[in-house]
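Trainee: Got a structure for you, written out below as structure tokens; questions coming shortly.
The values are calculated or read from the model by the stated rules, or taken from the named source; none is laboratory data. These figures come from a predicted structure and were not determined experimentally. Cβ placement follows ideal geometry from the backbone for every residue including glycine, while neighbour counts extend to all protein chains displayed. These area figures cover heavy atoms from the full protein model, side chains too; ligands, DNA and RNA do not enter into them. Shrake-Rupley method; radii C 1.70, N 1.55, O 1.52, S 1.80 Å.
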Amino acid sequence: MDEVQGLYTLASIFALAFGLIVGSFLNVCVHRIPRGESVVSPRSRCPGCMNPIVWYDNIPIISWIMLGAKCRTCGTTISWQYPLVEGLTGLLFFLVFWRFGFVIATPIYMMLAAGLVLITFIDLTDWTIPNEVTLPGIPIGIGCAALATWYPESGLRVLGPGVPVFSALIGAIVGGGALYLLDKITLLLLRKRGMGMGDVKLLAMLGAFFGWPGVIMMLIFASMLGSVAGVSLIMWARKTGGGEELPYEDDDSISVSAHYLPFGPYLCVAGLVVMFFGAEIYTEYVTYMAVGL
Ligand SMILES: [Zn+2]
């Protein structure tokens with residue numbers, strides 16, 4: 001019993017450390033993917049003095065604290081976004097292991113969580129959602145559902161009645177289709193973009209991973225999160241004197257800069273909620289409906 005406990009503790013620490021290292025790599029991706037640069041070479045450089053960053057100044061979170069958030073050579077401030085992405089990825093990897101344990105689903109959901117962190121921070125800083133993640137993500141999600149269909153011990157959780165791979169296929173179509181229609185309707189009625197095509201591909205990917213009931217849950221959660229965050233931001237803007245106008249007021253432009261709040265981060269958070277708790281919520285709901293009938 002103690003040996004099993006020890007093995008779990010060791011694996012949890014390993015998951016956390018692995019997540020921190022992956023988070024460090026995600027920082028490079030957040031910076032370089034929108035610029036169309038390679039994520040493997042050249043080695044990380046300080047954007048201020050272009051000096052390569054030595055390994056002991058590149059240890060997740062620790063180096064940022066030790067350096068006092070400044071480049072060792074030129075003193076350029078290093079954004080708090082770097083330790084945030086590292087810490088968040090480390091925490092998510094730890095939570096995935098803690099929730100799912102020693103199953104095939106664990107490394108798969110770690111990679112999915114990393115993809116969602118990447119999408120969130122690129123959408124927040126660049127207002128785009130990288131096709132590099134969402135386009136391969138759709139067939140990978142359907143592949144995982146196929147694995148869940150023939151190998152239930154995988155620990156993969158595709159929601160819905162019946163065969164997982166069908167729920168995943170419908171999920172990808174419904175997820176992408178719902179946001180595509182929403183975009184077209186908004187464009188028709190309000191003459192501005194409601195959703196970007198990046199959001200369409202993102203929800204198609206998440207639908208492929210978690211099935212069509214997952215898509216419904218994610219749309220509900222993401223809208224709730226978006227409303228709460230939107231109202232808070234508007235209230236905060238008023239409180240601070242409203243010095244900055246909301247960019248989309250009286251703006252008929254359909255350019256990406258007309259987006260005040262990207263929807264991608266809410267979809268990513270909603271996707272993580274469904275990954276961790278979707279199966280439980282779904283079971284509760286189905287039981288509730290069955291009792292109600
Ligand atoms: Zn520097």
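Trainee: Would any residue of the range 266-281 have its amide N under 20 Å from a label point 7 Å out along Cα→Cβ of TRP98? List them or say none.
Mentor: 269-281
Trainee: Under 1.5 on a/c is rounded, so check that first for the chain, then, if it is not, pick prolate when a/b is larger than b/c and oblate when it is not; a ≥ b ≥ c are the square roots of the alpha carbon gyration tensor eigenvalues.
Mentor: It is oblate, given that a/c is not under 1.5 and a/b is not larger than b/c.
Trainee: Ok, one more. Expressed in nm to one decimal, what extension gain is obtained for the pair THR287 and LEU188 from 0.36 nm per residue of sequence separation less their Cα-Cα distance?
Mentor: My answer for the length gained is 31.6 nm.
Trainee: With label points built 7 Å along Cα→Cβ from the Cα atoms of GLU280 and GLN81, find their separation and express it in nm.
Mentor: With each label placed 7 Å out from Cα toward Cβ, I get 3.3 nm.
Trainee: Right, here's the next one. Accessible area per residue of the chain at 1.4 Å probe, in Å²?
Mentor: 56 Å²
Trainee: For the range 126-293, rounded, prolate or oblate, judged on the Cα gyration tensor with a ≥ b ≥ c (square roots of eigenvalues), a/c < 1.5 rounded, else prolate if a/b > b/c?
Mentor: Here the range 126-293 falls in the prolate category.
Trainee: Continuing with this model, one more query. Would you mind telling me the share, in percent, of accessible area of the range 104-228 contributed by carbon and sulfur at probe 1.4 angstrom?
Mentor: 76 percent
Trainee: Which peptide among 167-175, 90-98, 227-235 comes first, and what is the full order, when sorted by highest mean count of other Cβ atoms within 10 Å?
Mentor: 167-175, 90-98, 227-235
Trainee: With a cut-off of 8 Å between alpha carbons and a minimum separation of six or more residues, what is the relative contact order of the chain in percent?
Mentor: Taking the mean separation of contacting Cα pairs over the length of the chain, I get 16 percent.
Trainee: For the chain, modelled as a Gaussian network with Cα springs under 10 Å, which listed residue fluctuates most, LYS192, LYS184, LYS239?
Mentor: Taking springs between Cα atoms under 10 Å, the residue moving most is LYS239.
Trainee: Calculated FRET efficiency, ARG72 and VAL28, Cβ-Cβ r, R0 30 Å, to nearest 0.05?
Mentor: Efficiency for this residue pair is about 0.95.
Trainee: Another one. How much length is gained if the chain between ILE173 and LEU7 is pulled fully straight, taking 0.36 nm per residue apart and subtracting their Cα-Cα distance, in nm to one decimal?
Mentor: Contour length minus Cα-Cα distance gives 55.7 nm.
Trainee: Here's a follow-up. Tell me the relative contact order for the range 126-293 as a rounded percent, counting alpha carbon contacts under 8 Å between residues six or more apart.
Mentor: 25 percent
Trainee: Suppose a student asked you for the relative contact order of the range 1-102, using Cα pairs under 8 Å spaced at least 6 residues apart; what percent would you report?
Mentor: Here the relative contact order equals 41 percent.
Trainee: Let me ask you something else. Under 1.5 on a/c is rounded, so check that first for the range 1-102, then, if it is not, pick prolate when a/b is larger than b/c and oblate when it is not; a ≥ b ≥ c are the square roots of the alpha carbon gyration tensor eigenvalues.
Mentor: prolate
Trainee: Taking the dipole about the Cα centre of the range 1-102, with the C-beta of Lys and Arg at +1 and of Asp and Glu at -1, give me whichever of CYS74, VAL4, PHE25 is farthest to the positive side.
Mentor: Positive-most Cα among the choices belongs to CYS74.
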